[in-house]
Amino acid sequence: MSRCRKALFWLHLVAGLTAGLVIALMAFTGLCMSFQPQILAWADHDAARVAPPADPVHLPIADLLSRVREDWPDAKPSALTFYADPARAVMIALGRDGLVYANPYTGDSVEPATPRLRSFFEFTLRVHRWLGGEDQATRKITGHITGAACAAFLFLCLTGLYLWWPRQWTARVLRPSLWFIRGATGKARDWNWHNVFGFWNLPLLIVITITGLLMAYKPLADLLSKTPPIPSITRPEGARPLDPAALLALAQTAAPSWESITLRLGNARRPGANPPTLNPQPTTPPITIAIRETGSLSPVPRQLVVNPFTGEILRDESLSDYPFARALRTLAKPVHTGEAGGLVGATLGALATLGALVLICTGFALSWRRFFPKRRS
């Protein structure tokens, strides 16, 4: 073994032993969240569906929110999602308090059918990103730990490829590195599995670690592309922000083939107050409306940036309009989670995280056998 190869081998081993437990925890929690959108959609199917009347006329949004507050007095609606399908309920996000589904014709609202399942996914995400930390100070520390573990895993992937690279490309040499050896046990089995899972999962694992680093370190993402600044808008004298109904009509006009429209409310008021409107400060940021259109395969919704006082569309952007670097940055999260590929992407992500777990387990086993070999009697 050459000096360079030997040095990389020991760096590979030390990095795996140092960050292995954190990497294994992140891989396991990532595996648990692989099919989260599909599982939640299946679990909430009945709660998210309504029986449209013969004359499907929606309640005014202000009346809908008032009735939701009657059922949930402490509710603070932060976003509304409307669907073109008349049999879909309006999804009302309540910030950190979860969400409810409201019948757009009667105003009746229900909680998701599986609050415990949603709590499980929220806890899993917290462990995945911040090792379970809840307060901001703890997350600042644990976020650096998980980010460093992600960087270590990328290093393990690249050095592992170098160490795997055969000197001779023959079937006899490649076969144990590309497929399972039947009947192998002990060190031979661990070495074989480590090579096979590492080789076939390497492209996916590199993509997952790079997108994870872009999400973990904003300065690193800024090197790729900076998010365009959103200018503040000065409120005209005596002007009032547009209400959600006007914003919804604006979005429907701009996107006739809309499938869903999400409005983010500027501030949520308590029961008895006026219907929620955008925060009427002397200066306020524009409103961003997310639109998913029928037939669109883009994992990123179309974005309308709107003047909250005049309804002027300041920016109308889809993923195809983004510069290449910005598109890569925007796709980091949906690619990392597998949402970009739907069920296929979720399956590939699950296989990759499962492979990462096997790599960690076999890596620890090989290290144990190296440092604590069995003595022969």
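Considering the conditions (1) under 24 Å from Thr81 (Cα atoms); (2) assigned by TED's automatic domain parsing to the domain that holds Leu357; (3) of a type in the set (Lys, Arg), Arg240 is excluded by exactly one of them, (2). Considering region 304-354, and only residues there that are of a type in the set (Asp, Glu) and touching a residue at least 24 places away in the same chain (Cβ under 8 Å), the residue that is farthest from Ile291 (Cα to Cα) turns out to be Glu339.
Summed over region 18-44, residues that are loosely packed, with under 14 Cβ neighbours inside 10 Å, hydrophobic (A, V, I, L, M, F, W, C) and either closer than 23 Å to Leu204 by Cβ or touching a helix residue (DSSP H, G or I) at 6+ places or on another chain (Cβ under 8 Å) (or both) total 1.
Checked against the criterion of being over 30 Å from Ile181 (Cβ atoms), among the β-branched types (Val, Ile, Thr) and assigned by TED's automatic domain parsing to the domain that holds Ile145, region 243-260 contains not a single residue that satisfies it. With respect to Ala152, determine if the residue is within 22 Å of Lys333 (Cβ to Cβ), aliphatic (A, V, I, L, M) and touching a Gly at 6+ places or on another chain (Cβ under 9 Å). Against the criterion (within 22 Å of Lys333 (Cβ to Cβ), aliphatic (A, V, I, L, M) and touching a Gly at 6+ places or on another chain (Cβ under 9 Å)), Ala152 qualifies. Evaluating Gln303 against the criteria (1) under 25 Å from the mean Cα position of the chain (by Cα); (2) modelled with pLDDT under 90; (3) under 28 Å from Ala325 (Cβ atoms) leaves one unmet condition, (2). When residues in region 149-174 are screened for being in a helix (DSSP H, G or I) and either modelled with pLDDT of 95 or more or under 16 Å from Leu8 (Cβ atoms) (or both), 16 of them pass. Based on what the data block shows, is Ala255 under 30 Å from Val305 (Cβ atoms), surrounded by 13 or more Cβ atoms within 10 Å (Cβ to Cβ) and free of Cβ contacts under 8 Å to residues at least 60 places away in the same chain? Taking the combined requirement at face value, the residue satisfies it. In region 93-112, the residues that are at positive phi reach residues that are part of a loop (DSSP other than H, G, I, E, B) and hydrophobic (A, V, I, L, M, F, W, C) with C-beta atoms within less than 6 angstrom, at least six apart or across chains, in these pairs: Gly107/Leu59. Just one of the numbered conditions (1) over 30 Å from Gly345 (Cβ atoms); (2) assigned to a helix (DSSP H, G or I); (3) under 29 Å from the mean Cα position of the chain (by Cα) is not true of Asp74: (2).
Name the residue that is surrounded by the most Cβ atoms within 10 Å (Cβ to Cβ), counting only residues in region 227-246 that are part of a loop (DSSP other than H, G, I, E, B) and either in contact with a Pro (Cβ under 7 Å, 6 or more places away or on another chain) or at pLDDT 85 or above (or both). My answer is Pro241. Scanning region 182-202 for residues that are β-branched (Val, Ile, Thr) and exposed (fewer than 15 other Cβ atoms within 10 Å of the Cβ) gives a single hit, Thr185.
The values are calculated or read from the model by the stated rules, or taken from the named source; none is laboratory data. Everything quoted here is computed from the prediction, not taken from an experiment. Backbone-built Cβ (ideal geometry, glycine too); neighbour counts: all protein chains shown.
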